[in-house]
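These notes concern the structure reproduced below.
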Amino acid sequence: MSQTVIRVENLSKQYVLGALRHDTLRDQLAAGMRRLAGRGTASPDQNRIWALQDVSFAVDQGEIIGVIGRNGSGKSTLLKILARITRPTRGRATIRGQVGSLLEVGTGFHAELTGRENIYLNGAILGMSRQETQRKFDEIVAFAEVEKFIDTPVKRYSSGMYLRLAFAVAAHLESEILLVDEVLAVGDAAFQKKCLGKMGSIVDEGRTILFVSHNMTAIQGLCSRAIWLDLGQMLEDGPTQQVVSNYLRSNASGTHAEQTWDDFASAPGSDEVRLHRVAARPRDGQPQDAITVLDPVVLEFEYWNQQPGLHLNLSLFVHNEQGIMVFNTAPLHEPVWHGRPFPVGLFRSVCHIPGSLLNDGTYRVTLLVVKDQAIVLSRHADILTFEVQDSSAARGAWHGQWPGVVRPLLEWETELRATLSGAPVERDSSTTARS
C-alpha cells in the first residue's frame, strides 16, 4: 500500500490588496514617514482576496500530479505553501519527506557565486551532505550543459543557462518530493523534452512530483492525475485526461458551431473578402445537432468577394482541445473554382471531414482567406468550435479512454493459416473484420 507523503487539509491563503510588508528597517522607516504624512493607512474596507480557499487533497509516494488552472487560480501559491516559502491563513499541509522546489528560475541561487558554488549551496539548503552533492555533481553539470562555464558567476549566464542549471540541481539532488512551477516554458523545445524525460525517471525511482504547467500536452503525457484550481478553489481532482478535457472545455468561452454576419461593413475580413456565415454540423444535420465520432462533419463558409478577378482559396487549421494541430486542409482539388478568377458575389465553400476519423473531444477551426495561394487576406482564429461525442456503437467491448489524436475506422483482415493439428484450412474459413 502506497504511503501518503502530502496531505493538504482545508488549505486557505488570504492576501490584502495594497498591503505593504515591512521586512527591513528601511521599509519600517518609510512606512513611519507615510503614517506621519497621513498616507499609507489601510482603510477598513480594504479589499481582501483568497488566493486559496479550502483546498484539500492527498498525494501518495511515487505519484506525479499535474496542477492546472488559469493565471491567478492559486497554483503557485499552493506550491509556495508546500515549499514553506509562505504560511497559509488557515488549514494545514503535512509533508513526509525531503522537498526540492523549482518555483522560479534560479530559486536559491546567488548571482555572485559560480555555478559550482551554487550547486553545493543548493545541496546544503536541501539538507544534502557535501559527499552526496559531490556524487551527483558531474551528472548535474552534464545535464545542464554548462561544463565550460561551471566556474563562472551565474550572473553572467544567459537565461537559458541559468534555467538549465537550476532545473538540473533541483532534479538531481535526492529530494523525495519535487515541486515544479511553470519554469519549463523558458527553455527551448529540446530542453523541455529533456526535462520532461528527467521528471519521468524521477517517478520511476519512487519519488513524487507536483507539476504546475499551462502545457496540457506535457501534463497529459507525464501525469496520471490532475488537480484543477480556479479562483483559489479546487474544482476537480481526478484522472488527467478527464480533468484536462473539462478544463479546456470550460475555457472555450464563446464557443460556437455557427455564426452569421448580415451586415457586410461590420463582418470580419478584409476590404476584398468578408465573411457572411460559418457553420460546423453533421453531414445530415444542423449546427445545433450532436456530432458523434461516426458522423461525417461538414464545415461551411459563406463569404462576399468584393474585388473582381481574385484567385481565392480558404485554408483551415483544425486543432484539438490540447492545442495539437490535427490537420490543415485547402481546396487544392476543388473541381469548379480552384484556379479560376472569382467574380464579385457571395460564395459558399464546404469542407467534408469523413466519419470515423476524429476522436471525441472539442475542436477549434482557424480560417485563412488566401489569394494567389500565397497572400493571406485575413486570418480568423477559432472561428468555429465544435464537439465530437463518443458513440457506444463505435466502441465494441472497449470501455476505456480511446487514445490518439484521430480515431480512424481502418480495415483489417484476419486469416486462419493453419491449425495445431496441421489439418488443411479451407479458404472460406478466413474472416475479415473492421475495427
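Residues checked against (1) modelled with pLDDT of 90 or more; (2) outside the structural domain of Leu316 (by TED's automatic domain parsing); (3) part of a loop (DSSP other than H, G, I, E, B):
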{"site": "Ile202", "(1), (2), (3)": "no, yes, no"}
{"site": "Ala218", "(1), (2), (3)": "no, yes, no"}
{"site": "Ala226", "(1), (2), (3)": "yes, yes, no"}
{"site": "Leu235", "(1), (2), (3)": "yes, yes, no"}
{"site": "Gln288", "(1), (2), (3)": "no, no, yes"}
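Would you mind stating whether Val203 is surrounded by 22 or more Cβ atoms within 10 Å (Cβ to Cβ) and of a type in the set (Val, Ile, Thr)? No, not satisfied.
Could you please find all residues in the range 335-367 being in contact with a strand residue (DSSP E or B) (Cβ under 8 Å, 6 or more places away or on another chain) and of a type in the set (Lys, Arg)? Listed by number, the residues that qualify are Arg348, Arg364. Look at the range 221-244: where a residue is on the phi > 0 side of the Ramachandran plot and in contact (Cβ under 8 Å) with a residue 24 or more places away in the chain and a partner is of a type outside the set (Val, Ile, Thr) and in a loop (DSSP other than H, G, I, E, B), sitting 6+ places away or on another chain with Cβ atoms under 9 Å, you get Leu231/Gly69; Leu231/Arg70; Leu231/Gly72; Leu231/Ser73; Leu231/Gly74; Gly232/Gly72; Gly232/Ser73; Gly232/Gly74.
On the stretch given as the range 307-328, residues that are more than 12 Å from Val370 (Cβ to Cβ) and either charged (D, E, K, R) or in contact with an Asp or Glu (Cβ under 6 Å, 6 or more places away or on another chain) (or both) total 2.
For Ala144, indicate whether it is farther than 30 Å from Gln242 by Cβ, in the same structural domain as Ile177 (by TED's automatic domain parsing), over 27 Å from the mean Cα position of the chain (by Cα) and not basic (Lys, Arg). No; evaluated as a whole, the condition is false for this residue.
The values are calculated or read from the model by the stated rules, or taken from the named source; none is laboratory data. Please read all numbers here as calculations on a predicted model, not as lab measurements. Ideal geometry is used to build each Cβ from the backbone, glycine not excepted, and the neighbour counts take in all protein chains shown.
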